[in-house]
Amino acid sequence: MKVKVLSRNPDDYLRETKRDIHKVFRNYNPVLHPFEAPREYLRALNATKLDRVFAKPFIASLDGHRDGVCCMCRHRKKLSSIFSGSCDGEIRQWNLTNRQCIRTLQGHTGFVRGLTCSADGNMFISVGDDKTIKHWNTDALSEGRDFPINTLVTKSLYTGVDHHWTEATYATCGQTVDIWNLERAEPIRVYKWGMDSVNSVRFNPVETNLCISTVVDRSIRLYDIRAAVPLNKVTLKLKSNVAVWNPMEAYVFTAANEDHNLYTFDMRKLDAAVNVHTDHTDAVLDVDYSPTGREFVSGSYDRSIRIFPVLSSGKSREVYHTKRMQRVFTVRWSADNRYILSGSDETNIRMWKARASEKLGMVTPREKAATVYNDKLKEKFAYHPQVKRIARHRHVPKSIYQAMKEKRLIKESQRKKEQNVRMHSKHGSVPRVVEKKKHIVTFQE
Amino acid sequence: DPFHGEAPIAMEKMEAYKRGSEYDTKNIRNKNLKRRMKSSEEKYNSAVKRAARYELLLTEEPGFLETEEGEESWSIDQRTIADAADIASANKHFELKLNQFGPYRIDYTRNGRHLLIGGRRGHVAAFDWITKQLTCEMNVMEAVQDVKSLCIGAFSCNLYRFNIELYTNRDVKMQCILSNINSVKLQILFQKYNFAWNSINQHGFLQYTDVSIGNIVSTINTKGGRLNIMCHNPHNAVVLLGHHNGSVTMWTPNQKEPVVKMLCHNTAIRALAVDQCGNYLATSGQDRKMKIYDVRMFKPLHSYQLHTGPSNLCFSQRNLLAATCQNVVQIYKDPCEHPYLTHRLRLPVEDVAFCPYEDVLGVGGSDSFVSLLVPGAGEANYDAFESNPNRSKKQRREWEVKALLEKIQPDMISLDPMVLSKVDHVSMERLRKDKEERMGFVEETAKFEPKHKNKGRSKSGNVEKRKQKVHGATIREQIKEEMKAKREKLLKAEESSLDQIAVVDNQTGDTTEFKNALTRKSALDRFKK
């Protein structure tokens, strides 16, 4: 007879000293892990709940401006440095690491309309209501730090400015779109389309000579600064305030529109929007892409900031608001993809986390692994009603809540009306137009 | 290197780790979805492969008992086994003489470290059975019907004549649950992943209590008469009840009717047990039979005729079945004539339980507790994240918090525990219908629009045309068959009508010619109107 009875040698199973780590033995046999699906589901549910518990997105408020913050720009080479311009013509430079203002400049009389940083990061340009363009040194400790390097006095008012991504060229917009060279006092090229003024201008980060502008005649125009005539344009039902390029897929751009929506377009196919982002309840004033190109942030006149994924249903992933934040004039996503900055009417610049429940500071490998695991579970069970409900729920101020309700009502009644009209008309005479085409008036190739 | 690359893994090993058949991505039209499904399928396959490969790292081998020629394993007694085994294992065979307060009910903790015994006359004790260190001992001064160890903080739970009481491992009474004072509770059952216990009483009520919050989740009138046979399926947490008419019913807390009702014996049921994987159900009845059922198919697999019907049944982690007939404990391995091991006590056996992760069977007798060695009973390699026999205090605390967070809610219990990770077709269909009603029209699926490609057989339009042809062929085939069936039917009808005519003509005399005239076609038929 041969007998073997299970007998575990404690030396193999217990740690030798108290300083050792515990020995953990695994056996992946499914029989030892019953209720796999319900347990995973509960983990996902708990992770989703904790996500909402830890969602504390507001980090800090940068106060110092004496009037509403109307424009902001990032330093193109430094993560921690930003510039902001206010409605009283003051320009401030901020250090985001210690959240302090490091320089105050009296830039313009009247509004500062636009700010942009040069490609090498040595200089930034401001335009204002006093019909001047000013070049400033970005170094806050340089000798002539209180005075501009160069001031250009122009004939007309400018509403925006953007610097080329590689060359020493920048573009301003106003009555016309002017292309400037840093060495010259006169614009090297002037574009004028009709009598309407231009709201914004942005250089493409990849195809660097390509520009996009939003015009008051409700159109969005694409043009190459080497050519005399514009490439193509698309006209929407209402005016767009600003259009920005996706930094990763630079043929995609998003326009912030007065009709409370944002429209994402593929520049190769302007007959339909790639996506329509609806959630704001008032005009959208500014939009900025995350450096990954997957998401963008928008600031609106309804006193809230929303984060949208570029693709997916067109609903926002997140909404940020505080009691004190007023109309948001400008938003920026930080270059490390972790923070969002918003400048609003009540003179503050607010710093938010891009992912509301993310832990700031050092993260241990165990924490990191747990986060990855939880994220995967949340993704797996995202469509379960319980999980979905908790993940989707956001508290919004009463004004926004009422406005959203009203908008929903209006949309529903419009849909019903259209349905009735269609029912009582000749078959095919009232065609169904998809949402992505509905808001486009014309497009020109 | 002649054996380059990864070592091959046997298919049978991989099979054990699979959670269902492979998903066929062939018919997915959405490219993005197809890509995602393919990648998730790849990840799943690699996980299966890695889990199977991990078996190499499992250090322990399960126990065994090999007999020589002419020697029967069931005739080997415990003393021989203990002598042949190593000293550490031999110490696991012991007997406690407890002749004052018996008979004793017993229960092991989930990791197999502690043992809880409760004598009918009020004696309750908990101890580490390997080191024989006593954790607590008391006399509750009441009749103890059953004891169960809860996993949280090694609480014990005792059942008296009228109520259920919870005790900590420091003799402190935690909670007293009086639920139905007029009834005598007969048995309780603790479900480890649900932190819930089930109790049954003589009036046929099954009660489901959540221990972690102390709430009664549901009380079900089983309408099955006096109940005292209960077990649960560890695979899906469904409760099984044995009835006097020989039927076994399965219950979930969210349904007032049994989910399954099966007739297992012609006489009253005496004991029930379900194995770890939830595949087999062992039943015994007054008809002195012990039967093994397949719980997934609800079909009998094997039947034993014994001298008496076993009053206790218990499956071990590696599917050994312990059955007690009066004072004899029999352990069965595979369906065969003879038991694997037997052991005889002086007085009748009250309760048996296999110790998890050990080759040990605990037997609670009328005047003693005996720990028997059963080689090959326990799982050799434990998973420390699931239940760790060697865990420290800190690990235990962390595990308790995790376990409570993952407490399975009563409404998640169903026959198929994997239902939560499956695609919910039913709700999808309902949502679609709701939407259609709300919108007032049926959403059209996008019609195919050919992409503009210049050359080649794979032009998308041509591909679509070919697809349509294949599709059309099947439809044509179908139509052909239908037409054929219709034609045959018509022909039959015609023939029957001819027969009738023939019957009519029988009276006149000449049937055949008339019939022929009707059936035969002449050349002039085509001029007929």
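The values are calculated or read from the model by the stated rules, or taken from the named source; none is laboratory data. Keep in mind the model is a prediction, meaning the values are calculated, not measured. Backbone-built Cβ (ideal geometry, glycine too); neighbour counts: all protein chains shown.
Within the range A:216-266, the set of residues being hydrophobic (A, V, I, L, M, F, W, C) and in a loop (DSSP other than H, G, I, E, B) comprises A:Val216, A:Ile225, A:Ala227, A:Ala228, A:Val229, A:Leu231, A:Leu238, A:Met248, A:Ala250. Residue pairs whose Cβ atoms lie under 8 Å apart, separated by 6 or more positions or on different chains, with the first residue in the range B:254-265 and at negative phi and the second among the charged types (D, E, K, R), are B:Asn254/B:Asp411; B:Cys264/B:Lys291; B:His265/B:Asp287; B:His265/B:Lys289; B:His265/B:Lys291. Summed over the range B:82-102, residues that are within 8 Å of chain A (Cβ to nearest Cβ), closer than 17 Å to B:Val363 by Cα and of a type in the set (Asp, Glu) total 0. Could you go through the range B:319-335 and let me know if any residue there is out of contact with any helix residue (DSSP H, G or I) (no Cβ under 9 Å at 6 or more places or on another chain), assigned to a strand (DSSP E or B) and among the charged types (D, E, K, R). No, the range B:319-335 has no match at all.
Of all residues in the range B:85-100, those being touching a helix residue (DSSP H, G or I) at 6+ places or on another chain (Cβ under 9 Å) and within 20 Å of B:Ile331 (Cα to Cα) number 4. Under the condition of being charged (D, E, K, R) and not in a loop (DSSP other than H, G, I, E, B), the residues counted in the range A:302-342 number 3.
The number of residues in the range B:395-412 that are within 26 Å of B:Glu358 (Cα to Cα) and more than 9 Å from chain A (Cβ to nearest Cβ) comes to 9.
Residues that are of a type in the set (A, V, I, L, M, F, W, C), in a loop (DSSP other than H, G, I, E, B) and either closer than 18 Å to B:Leu415 by Cβ or touching a helix residue (DSSP H, G or I) at 6+ places or on another chain (Cβ under 6 Å) (or both) within the range B:217-242 comprise B:Ala237, B:Val238, listed in sequence order. Any residue that is touching a residue at least 40 places away in the same chain (Cβ under 8 Å), closer than 21 Å to B:Phe94 by Cα and assigned to a loop (DSSP other than H, G, I, E, B) - is there at least one of those in the range B:295-312? No, the conditions are met nowhere in the range B:295-312.
Only one of the listed residues (A:Thr159, A:Thr172, A:Thr151, A:Thr166) is farther than 19 Å from A:Lys131 by Cβ and either in a loop (DSSP other than H, G, I, E, B) or β-branched (Val, Ile, Thr) (or both). That residue is A:Thr166. Where residues in the range A:1-30 are under 48 Å from the mean Cα position of the chain (by Cα) and of a type in the set (Val, Ile, Thr), which of them is nearest to B:Arg53 (Cα to Cα)? So, considering only residues that are under 48 Å from the mean Cα position of the chain (by Cα) and of a type in the set (Val, Ile, Thr), the one nearest to B:Arg53 (Cα to Cα) is A:Val24. When we screen B:Ala88, B:Ala84 for residues that are free of Cβ contacts under 8 Å to residues at least 40 places away in the same chain and in contact with a Ser or Thr (Cβ under 9 Å, 6 or more places away or on another chain), the only hit is B:Ala88. Taking residues in the range A:370-389 that are over 17 Å from A:Arg52 (Cβ atoms), and partners anywhere that are of a type in the set (D, E, K, R) and assigned to a loop (DSSP other than H, G, I, E, B), the pairs with Cβ atoms closer than 9 Å and at least 6 places apart or on different chains are A:Tyr383/B:Asp424.
Residues that are out of contact with any His (no Cβ under 8 Å at 6 or more places or on another chain), of a type in the set (S, T, N, Q), assigned to a helix (DSSP H, G or I) and free of Cβ contacts under 8 Å to residues at least 60 places away in the same chain do not occur anywhere in the range A:422-437.
To keep it simple, each residue is scored yes or no on (1) surrounded by fewer than 18 Cβ atoms within 10 Å (Cβ to Cβ); (2) touching a Lys or Arg at 6+ places or on another chain (Cβ under 7 Å); (3) not aliphatic (A, V, I, L, M).
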position: A:Phe203; (1), (2), (3): no, no, yes
position: A:Ser219; (1), (2), (3): no, yes, yes
position: A:Leu236; (1), (2), (3): no, yes, no
position: A:Ser240; (1), (2), (3): no, no, yes
position: A:Asn246; (1), (2), (3): no, no, yes
position: A:Thr264; (1), (2), (3): no, no, yes
position: A:Leu270; (1), (2), (3): no, no, no
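Taken over the range B:354-376, the criterion of being touching a Phe, Trp or Tyr at 6+ places or on another chain (Cβ under 8 Å) and within 8 Å of chain A (Cβ to nearest Cβ) is satisfied by B:Tyr357, B:Pro375. Residues in the range B:63-80 that are at the interface with another protein chain (Cβ under 7 Å from one of its Cβ atoms), in contact (Cβ under 8 Å) with a residue 24 or more places away in the chain and either surrounded by 14 or more Cβ atoms within 10 Å (Cβ to Cβ) or in contact with a Phe, Trp or Tyr (Cβ under 9 Å, 6 or more places away or on another chain) (or both): 3 in all. Scanning the range B:195-216 for residues that are away from chain A (no Cβ under 14 Å) and not in a loop (DSSP other than H, G, I, E, B) yields a total of 13. One residue alone among B:Ala16, B:Ala47, B:Ala7 is in a helix (DSSP H, G or I) and more than 30 Å from B:Leu372 (Cβ to Cβ), and that residue is B:Ala47. Among the conditions (1) modelled with pLDDT of 90 or more; (2) surrounded by fewer than 21 Cβ atoms within 10 Å (Cβ to Cβ), the only one that B:Asp351 does not satisfy is (2).
Scanning the range B:83-99 for residues that are in a helix (DSSP H, G or I) and either surrounded by fewer than 17 Cβ atoms within 10 Å (Cβ to Cβ) or modelled with pLDDT under 90 (or both) turns up B:Asp83, B:Ile87, B:Ala88.
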